[in-house]
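See structure below.
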Amino acid sequence: MASIELHSVGKSYGDHPVLEGVDLNIDDGEFIVLVGPSGCGKSTLLRMIAGLEDITSGTLAIDGQRVNDLKPKDRDIAMVFQSYALYPHMSVAENMSYSLRLRRKSKEVIDAAVGSASQKLGLDPYLARRPKALSGGQRQRVAMGRAIVRKPKAFLFDEPLSNLDARLREQMRAEIKRMHAELGATSVYVTHDQIEAMTLASRIVAMNAGSVQQIGSPLELYDRPANLFVAGFIGSPGMNFLEGRLSQSNGVSEIVLSNGIQVSLGRHVARADGEMVTLGIRPEHVVAASSGTGVEAQVELVEPTGLGVILHLVVHGESFKLFSTDRMLMQAQGAIHVTLPQSRLHVFDKDGVRISEDDV
Amino acid sequence: MTGKLIGTIAHRGAILVYIAFALFPLFWLLKVSVTPNDLLYSEGVRLWPSRSTFDHYHFVIENSAFPTFFKNSLIVASSTAFAVTVFSSLAGYALSRFRFRGKYVIIALMLITQMFPLVMLVAPIFKMLSPLGLTNSLTGLVIVYTAFNVPFATFLMQSFFDGIPKDLEEAAMIDGASRFTAFRQIILPLTLPGIAATLGFVFTAAWSELLFALMLISGNASATFPVGLLTFVSKFSVDFGQMMAAGVMALIPACLFFLLIQRYLVQGLTAGAVKG
Ligand SMILES: Nc1ncnc2c1ncn2[C@@H]1O[C@H](COP(=O)(O)OP(=O)(O)OP(=O)(O)O)[C@@H](O)[C@H]1O
Ligand SMILES: [Mg+2]
């Protein structure tokens, strides 16, 4: 087990930068999840930690030791590929034992390691098979098994579950979580999947266009997104954004939306009167109120999700969404009343940066 | 249903016609090789002679230099096939996986070497080899054949390596293999069909090469079998029976060789490497 430190790490292909100034300290035993839109450099970052890509600038250290120039084989890190990358000419057992055989471990050690990994992953009946005779889920398990047999310093996962169907993904997600709890191994995990990120991570690293946007626990990113990008990326359905102007009166700030509606923030925001800001609120925090309170909103569309319902609403030309588990809302039509609880409002300045609650 | 049946029959029929067309010269070779000399011109055109004999084979084996030619060809063709396969798989791997300075210049140069008619090169090559004592020697032939075959074989091997996902050797390197170990233990076994194709292609090319064998070699001691075949052509006559018998025997190693490698040629080992 090990800690991993990245210090202003950058990567460019020719003069085309794909990663810039990545600072990240991963403690021993942490489970870090990298999220971000396609092409933002998640895989590249992971491959740099593995040693598969050169590091253009900055320092990468494992256990305090600079490893920028260390070959992948000397880093003692295991990786699970999205494609699984199983060796097609080797049986499941041979696939799993390859790393141990390269290290010239004794037969007893190898058999014991493969045996315990295959038992943990339910692979015992398939040990003699070639990968091509396995289902996608079984291949995925072999890839996991290959990583865990050798007790590496850290695990890297590049979208390991994205080729599985939803049910299997859920099951493997829980299994990965259980395995991490059991082995306590430092892990870096790349995913597109919100739920995977929220459920697995001890800390999430949200990335966009080659730079880190925010690092924090899942709830920190959910409750206090550092900027518009993170606010919009984390959470599903995505956060509502409404543009408006700040208006200061008597020490309390208000936002006047472009449709004229005034939303009181109930606190003072330390920005100039008249500044353009963006108001954010998650659909699940918009409250359907009894008539007579809040504002009137037109129901445009009703999307039942089983768990609850997503309402697409319009207030004076501004559209936004509401999510609720209240089944009564499935019958909603015409106009309903909604309120925006002040404690749930996020405010972002004209550059998209969160205006913090403590910022007075 | 019937449409499908007719389709199948037409398909098989077309293949059969093609095979008959392709194999007929070989059949004729065999037929002439067992036809006694006195019947060769007297019987007219028929599919099989009224009387057959192995006399030509006996004569070729016992009274001609053919066994020497045969041995020389075997040495030259297998050494060339081996050398070309080693060089081209290493070079093909480099072209497939690495980015390095001058890569495209090298590819262009390799392509250019393939553009010249070989005849143009006979004289310069003779000039180069003769002071080195490499004319009239099998080593010289192997060197020349290897040089000519490496570019094409390299492109061939490169395309096979391109077909193998990079993830596999990366996984191996993370598992603790050096790049060369990953190449040897993971990539090469998966490229066996490509290696078999390269070996087969180069072996046949070297086995049947005539121009350089004729120009660089004089005398029977280091002559290869295509050159040897010409010895059956004398000033006034061609001894067809013996020539064909020699030809049939020359087919044997090529056939054996392909029998040996065909298992790998048809094997799609990469199936199931990545998600399928
Ligand atoms: N060999 C290369 N040469 C040039 N650019 C590259 C190369 N490899 C990757 N890139 C670029 O680097 C950027 C980051 O790629 P990367 O694969 O890390 O994205 P990602 O975040 O993993 O995306 P995804 O979620 O789709 O897997 C992309 O814009 C990509 O085009
Ligand atoms: Mg990726």
Taking helices (runs of 4 or more DSSP H) that do not extend beyond segment A:136-201, which have at least 2 residues that are within 16 Å of ligand 1 (Cβ to nearest atom) and touching a residue at least 24 places away in the same chain (Cβ under 8 Å)? A:194-200
Output the number of residues of segment A:25-37 satisfying the condition of being more than 16 Å from ligand 2 (Cβ to nearest atom), under 14 Å from the mean Cα position of the chain (by Cα) and of a type in the set (A, V, I, L, M). 0
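Only one residue in B:L156, B:L230 is at pLDDT below 85 and either more than 14 Å from every other protein chain (Cβ to nearest Cβ) or surrounded by fewer than 22 Cβ atoms within 10 Å (Cβ to Cβ) (or both). Which one?
On the way: B:L156 fails: at pLDDT below 85.
Residue meeting the stated conditions: B:L230.
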Any pair with Cβ under 6 angstrom, 6 or more apart, that starts in segment A:35-57 at a residue that is at positive phi and ends at one that is more than 10 Å from ligand 2 (Cβ to nearest atom) and not in a loop (DSSP other than H, G, I, E, B): A:G36/A:M207; A:G36/A:N208; A:G41/A:V18; A:G41/A:L19; A:G51/A:P72
Condition check: crowded, with 17+ Cβ neighbours inside 10 Å, within 14 Å of chain A (Cβ to nearest Cβ), in contact (Cβ under 8 Å) with a residue 60 or more places away in the chain and touching a helix residue (DSSP H, G or I) at 6+ places or on another chain (Cβ under 8 Å). Does B:I164 satisfy that? yes
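So which residues in segment A:38-69 are more than 16 Å from ligand 2 (Cβ to nearest atom), in a loop (DSSP other than H, G, I, E, B) and farther than 20 Å from A:D28 by Cα, if there are any at all? I'd like the intermediate steps shown before the answer.
We begin by selecting, within segment A:38-69, every residue more than 16 Å from ligand 2 (Cβ to nearest atom); these are A:51, A:54-69.
Subset that is in a loop (DSSP other than H, G, I, E, B): A:51, A:54-56, A:63-64, A:67-69.
Answer for segment A:38-69, where residues must be more than 16 Å from ligand 2 (Cβ to nearest atom), in a loop (DSSP other than H, G, I, E, B) and farther than 20 Å from A:D28 by Cα: A:D54, A:I55, A:T56, A:D69.
Being in contact with a Gly (Cβ under 9 Å, 6 or more places away or on another chain) and buried (at least 22 other Cβ atoms within 10 Å of the Cβ) narrows it down to one of B:A206, B:A182, B:A246, so name that one. Spell out how you get there, then give the answer.
On the way: B:A206 fails: in contact with a Gly (Cβ under 9 Å, 6 or more places away or on another chain); B:A182 fails: in contact with a Gly (Cβ under 9 Å, 6 or more places away or on another chain).
That would be B:A246, the only listed residue that is in contact with a Gly (Cβ under 9 Å, 6 or more places away or on another chain) and buried (at least 22 other Cβ atoms within 10 Å of the Cβ).
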How many residues, within segment A:219-252, are surrounded by 18 or more Cβ atoms within 10 Å (Cβ to Cβ) and without any contact (Cβ under 8 Å) to a residue 24 or more places away in the chain? 1
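Any idea which of A:S91, A:S99 is over 20 Å from A:V9 (Cα atoms), surrounded by fewer than 19 Cβ atoms within 10 Å (Cβ to Cβ) and in the same structural domain as A:D15 (by TED's automatic domain parsing)?
Numbers: A:S99 fails: surrounded by fewer than 19 Cβ atoms within 10 Å (Cβ to Cβ).
Every option except A:S91 fails the conditions.
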Restricted to segment A:9-34 and to residues being without any contact (Cβ under 8 Å) to a residue 12 or more places away in the chain and either in a loop (DSSP other than H, G, I, E, B) or among the hydroxyl-bearing types (S, T, Y) (or both), the residue farthest from ligand 1 (Cβ to nearest atom) is A:D15
Tally up the residues in segment B:43-90 that are free of Cβ contacts under 8 Å to residues at least 12 places away in the same chain and charged (D, E, K, R), please. 4
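The values are calculated or read from the model by the stated rules, or taken from the named source; none is laboratory data. Quantities reported herein were computed from a predicted structural model and do not represent experimental measurements. No Cβ is skipped: glycine too gets one built from the backbone with ideal geometry, and neighbour counts run over all protein chains shown.
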